[in-house]
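Colleague: Okay, here's the structure, questions in a sec.
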Amino acid sequence: MTDQLPTLDPEVTYLDASDAPAALYRVVVEHLADERGPACWVDARNRGAPAALYDHLGRRACRSLAVARAFTGYQHYELVRSLPGTLRATASLVVAPALAAPYADPDVPDHEADAMVAAVLELLDAVSTAVDVPVLVTADADPYAADVRRAADRVLDATATRMGLRVDGDGVRVDGYWDATGFQTTVPYWVDRCGAVGCRGVERPVAPAAVPGV
Amino acid sequence: MTFKIDVREDGVPVRWTATDRGATATPDPDYRPAVLVAAREDRTRYLDWLADELAPDPKVAALERVARRRDLRADEPSPMLRVELDRLGECRQLAREVRARELDAHPPGTLSLYDVDLDPQFRYCLDTGADPLPDRRFERVDLSVPDAALAEGDLSALAVDGDPAGGSERGACRRVERVLDAADPDVLVLSSAELVPLLAERGVDLGRRPGYRTLAGASTYTSYGRVGHSPARYDVPGRVVVDRRSSFLLDEAGFAGLRYLVARAGKPLQELARDSIGGVLTAIEVREARGRGVPAPWQKRQTEDWKSVDRLHAADRGGFTFQPEAGVHGDVHELDFASLYPNVIREYGVSPDTVGCDCHDTTDVPELGYSLCERDGFLGDVLGPLLDDRSAWKDQHRADDCTPTERRRLDAKIDAVKWVLVSCFGYQGYRHAKFGRIEVHEAINAVARELMLTAKEAVEAAGWRVVHGIVDSLWVTADPDRDQRPVGEVAAEVTDEVGIALEHEGRFDWVAFCPRKRASGAALTRYFGRWADESVAASGATADDRYKFRGIEARQRSSAEFVAAAQRDLVATFDRERDAAAVVERLRTHLRTLRRGSVPPADLAIRQRVSKRADEYEGATRARAALERAADLGLERHPGQSVTYVVADDDRSGPERVRLAFEVDDGACAGGGYDTEFYADRLVRACESVVSPLGWDEGQVRRFLRDGRDATLSSFVG
Ligand SMILES: [Zn+2]
């Protein structure tokens, strides 16, 4: 079943999960099933709440995740800026859900928010290239959603159908469906593959010079 | 000394210093406020660039390179540009302009700004070391006008220090002038700051010099996720204006409490009085940090540490809970850790500058494994004086020679500090807390949970059984199969072991824990119990308040007094009979009183905080109806304020659904003007809370009311 799903490449992938919020976790869990390296989750709007991650990813897949939460736009910006120094060269994925939501909060003045969102989109693009790592982003229905979509190298659309979840988009040759048992059957697979991978600490920071503007 | 700072039109501060009888004004034209700027990774070329940019700015008086620590964890000072300004009150403007210049030339976040959003008067005191308290008592005058009269701009009902001032507007104005002349007050406590312009229109100047200034128009804001309303603010020369409507602290802590917090925060009374608790904590912390060479960050950029999901999960756990079985327990002792969270902060040194320090590789924080540095933590130094003062006042309060006046003053101060202490833990997790750190919030929780477990194990080892535990309290009863050591002795041992006082609060003859309402997942926080004789005697309480209520209607601020009183009576019945049917039988008496229409409307008034404007409520709620009614009557009510109403006809949706409290006070709708069935429903629910520990639910209460004892019994049997 996993061969029907979109594979993530070292580029910025925008997942429109507004009609199927669970799609974010499904795409992540499928990706982690194939990849050994640690993943970084730059959280916003509580998408990375431990309960949600355990529920959707399973306890053992969670072990390859490192999470940091942004409660303001400024913190989100600083977290993204810190990625080049934080990511190991072996990193397999960067996830940034609700990417622009913290910048749309009223406590960030518009002109600053505009500049920070633009910089963050550039940074993520540079990170994906420099570290050779897939970057998966989603957006809430905020004023920056269109910018996030436009800046992505690739767009995937998730829909919840009666038959299960469907993801369409560039490069997905067959529409992937997960039914209620599809998730379950993949569990032993990635547990086997990634169970023992740790994700903490800075092993070998990527040269910051590889990322412009940093 | 300098109890009030006026800011002149030209930006020059004028300090008002108390004299024996009065006050003198001294302008301070040499004072210059300053903003600090640091660059990412301390790259000074950005500071040089900014200095060049700002040099021609007429607002800027001087530019200087200084060294300050960027945050509490920094070991070394960083180079910063100190931008000195000509006028007090232009700091935010300059900061916005620096941000705009930065965005034109550099990536966002190249510059970090400090000491930007401080109240000008607080800033002045911080910078000059001016003491914001007079070395004598504050002379105060209290002016008030009822809301309804104020809405019509009618000052004839004005009262001075609680006494009606004359009955006519003219008489009231003359009276105010005479009182100001005679008392020469330092502080004006006003029922609404709108009195400043209203009195000025009538030729009465409230200040020590003519005129007044409008500091801010009315506005609505969100803080801590709650909507608040700040009424317009006015300033008069030489006197402190305290608006009762916008002073949470005056309400909760009284004047003595306010005065104490002015001293602790170093923030002048007028500015402190309208602060939230978070604002007071910020001021105290800003001052403490300044003393440690750390300026106040404008936009906090410090981020959370990267965490594994397991650690995040462990850190996300709330306070200690030990779920009891709902029901009634006899002979129960309550044990409480006194001020648990603040004491954890101080005794265990949990602070933004100690948690996860770089210099120690220990795993001091249980479950999370964070290290705790051995150095004196910032937060402990912030809270230490508050904790010490509070316990000293409690000792004075207990002393035999303490006069009733002195006791009241001590109570006010004890309350003021209590509010700050209970908020300090939550504030650490607040995203805009200038010196807050999420890991500190997590560590406090983890240490506190560990201490509760230690206490639980100690009492269990001494032959006691824990029937309930939550956050900082344990309820224990004797294990029938074992011998017990005295519970006070065990508490003393725990106190010695953990360094935080575990106090034996008292003994209950019985405690009843209510089951959860539906499966909400929340801990059991609704209970009631009866203190044993020796505990009642020890607390000096009267026989009337020998019951303790938590979370049930009798304790809720929004309950009508009639419902609360009926519930207290039902609890007394519960105590006598220990029988659900007898309690519900007693409920009939209250329902009859209600249906006779003989309840005074004031006892039916419901007080509710308004969270939105009338047109923002989805659906027809009572709060919305009350707001619409207030608007019809010309009375403004804003989000953040409260409305008090009696439900007149709950089936209607418009302003006819309710009557406002002052209408029923006037007697305008006395005589059967309330919705009997609405209040009957509230009574039934209050009754359900009382019988729920005995296993009854609302349906059984209603069936019993309808069918009587036999029918209910038979419904159990078959
Ligand atoms: Zn250390």
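The values are calculated or read from the model by the stated rules, or taken from the named source; none is laboratory data. Predicted model only: the values in this text are computed from it and were never measured. No Cβ is skipped: glycine too gets one built from the backbone with ideal geometry, and neighbour counts run over all protein chains shown. When the accessible area is computed, the model is the full protein with side chains, heavy atoms only, and any ligands, DNA or RNA have been set aside. Shrake-Rupley method; radii C 1.70, N 1.55, O 1.52, S 1.80 Å.
Colleague: Angle, helix B:676-691 long axis vs. longest principal axis of chain B, Cα atoms, 0 to 90°, nearest 10?
Modeller: Rounded to the nearest ten degrees, it is 80.
Colleague: Assuming a viscosity of 0.890 mPa s and a temperature of 25 °C, what translational diffusion coefficient in µm² per second does Stokes-Einstein assign to chain B, Rh being the Kirkwood radius over Cα pairs?
Modeller: 84 µm²/s
Colleague: Ordering B:Phe562, B:Phe662 by how much accessible area each has at a 1.4 Å probe, largest first, what is the list?
Modeller: Ranking B:Phe562, B:Phe662 by accessible area, largest first, yields B:Phe662, B:Phe562.
Colleague: Given a 1.4 Å probe and the protein chains all in place, what does the accessible area of B:Cys357 round to, in Å² to the nearest 10?
Modeller: Taking all protein chains as shown, B:Cys357 has close to 20 Å².
Colleague: Turning to a different aspect of this structure: Between B:Gly356 and residues 5 or more places away or on another chain, which pairs have amide H atoms under 5 Å apart, with H built 1.01 Å from N, and which residues are they?
Modeller: Here the answer is B:Ser371, B:Leu372, B:Cys373, since their amide H atoms fall under 5 Å of that of B:Gly356.
Colleague: Right, here's the next one. Which order do B:Arg449, B:Arg595, B:Arg557, B:Arg174 take when ranked by solvent-accessible area (1.4 Å probe, heavy atoms of all protein chains), largest first?
Modeller: Highest to lowest solvent-accessible surface, that is B:Arg557, B:Arg595, B:Arg174, B:Arg449.
Colleague: Residue by residue through the range B:301-306, which ³J(HN,Hα) values in whole Hz follow from phi under the Karplus form 6.51 cos²θ - 1.76 cosθ + 1.60 (θ = phi - 60°), with glycine and proline marked x?
Modeller: Residue by residue, the range B:301-306 yields 10, 5, 10, 5, 6, 5 Hz.
Colleague: Translational diffusion coefficient of the range B:384-453 at 4 °C, 1.567 mPa s, Stokes-Einstein with Kirkwood Rh over Cα pairs, in µm²/s as a whole number.
Modeller: Approximately 92 µm²/s, per Stokes-Einstein.
Colleague: So if the hydrodynamic radius of the range B:244-354 is defined as the Kirkwood radius over C-alpha pairs, what does Stokes-Einstein give as its diffusion coefficient at 37 °C and 0.692 mPa s, in µm² per second?
Modeller: It comes out at roughly 180 µm²/s.
Colleague: Moving to a separate point now. With a 1.4 Å probe, how much accessible area is buried between chains B and A, both sides summed, in Å² to the nearest hundred?
Modeller: 2800 Å²
Colleague: Can you pull the percent of the range A:1-110's accessible area that's carbon plus sulfur, 1.4 Å probe, other chains left in place?
Modeller: Result for the range A:1-110: 45 percent of the exposed heavy-atom area is carbon or sulfur.
Colleague: Right, here's the next one. Would you mind computing, in nm to one decimal, how far apart the modelled labels at A:Asp19 and B:Asp163 are, each placed 7 Å from Cα along Cα→Cβ?
Modeller: In this crude spin-label approximation the distance works out to 7.6 nm.
Colleague: Right, another one. Please report the antiparallel percentage of the DSSP beta bridges confined to the protein assembly as shown, to the nearest 5.
Modeller: Counting DSSP beta bridges with both partners in the protein assembly as shown, the antiparallel share is about 75 percent.
Colleague: Just to verify a number: what accessible area does B:Trp49 come out at with the full protein assembly present, 1.4 Å probe, Å² rounded to tens?
Modeller: 60 Å²
Colleague: Compute and list, largest first, the equivalent-ellipsoid semi-axes of the range B:320-438 from the alpha carbon gyration tensor, each √(5λ) rounded to a whole angstrom.
Modeller: Computed over the range B:320-438, the values are 31, 23, 14 Å.
Colleague: Write down the radius of gyration of the range B:66-123 and its Dmax, each obtained from C-alpha positions, in Å.
Modeller: In order Rg, Dmax, the Cα atoms of the range B:66-123 give 12.8, 34 Å.
Colleague: Can you give the Rg/Rh ratio of the range B:141-186, where Rg is from the C-alpha atoms and Rh is the Kirkwood radius?
Modeller: Dividing the radius of gyration by the Kirkwood radius yields 0.97.
Colleague: Rounded to two decimals, what is the ratio between the C-alpha radius of gyration of the range B:321-547 and 2.2 N^0.38 Å?
Modeller: Taking the Cα Rg and dividing by 2.2 N^0.38 Å, one obtains 1.11.
Colleague: Quick one: grab the alpha carbon gyration tensor of the protein assembly as shown, order the square roots of its eigenvalues as a ≥ b ≥ c, and give me rounded if a/c is under 1.5, else prolate or oblate depending on whether a/b is larger than b/c.
Modeller: oblate
Colleague: Does anyone have the angle between helix B:487-498 and the longest principal axis of chain B? Alpha-carbon axes, 0 to 90°, nearest 10?
Modeller: That helix lies at roughly 30 degrees to the long axis.
Colleague: If you wrap a convex hull around the Cα atoms of the range B:601-673, how much volume per residue is inside, in Å³?
Modeller: 76 Å³
Colleague: Could you pull out every residue, at least 5 positions away or on a different chain, whose amide H is within less than 5 Å of the one on A:Gly37? Hs are placed 1.01 Å off N in the peptide plane, and Pro or chain starts have none.
Modeller: Residues meeting the amide H criterion: A:Ser92.
Colleague: When the accessible area of chain B is computed with all protein chains present and a 1.4 Å probe, what percentage of it is carbon and sulfur?
Modeller: Of all accessible area on chain B, carbon and sulfur atoms account for 45 percent.
Colleague: Just tell me how shielded A:71-82 is by partners: mean number of partner chain Cβ atoms within 10 Å of each residue's Cβ, no decimals.
Modeller: 5
Colleague: Still on this structure, please answer the following. Projected onto the charge dipole of the protein assembly as shown (+1 at Lys/Arg Cβ, -1 at Asp/Glu Cβ, origin at the Cα centre), which of A:Phe71, A:Ser128, A:Trp41 gives the Cα projection farthest towards the positive end?
Modeller: With unit charges placed on the Cβ atoms, the residue in question is A:Phe71.
Colleague: Quick check: convex hull of the Cα atoms in the range B:132-291, volume per residue, rounded to a whole Å³?
Modeller: 125 Å³
Colleague: Mind listing the long-range amide H neighbours of B:Ala218? Cut-off is under 5 Å, sequence gap 5 or more, other chains count too, H placed in the peptide plane at 1.01 Å from N.
Modeller: B:Ala232
Colleague: Same structure again: Ignoring everything but the protein chains, give the 1.4 Å probe accessible area of B:Asp632 in square angstrom, nearest 10.
Modeller: 110 Å²
Colleague: So how compact is the range B:32-116: Cα radius of gyration and Dmax in angstrom?
Modeller: Gyration radius and largest Cα-Cα distance of the range B:32-116: 12.1, 36 Å.
Colleague: Distances longer than 27 Å among the Cα atoms of the range A:12-194: what percent of all pairs is that?
Modeller: 23 percent
Colleague: Which percent, nearest 5, of DSSP beta bridges in the range B:172-316 are antiparallel?
Modeller: About 70 percent, rounded to the nearest 5.
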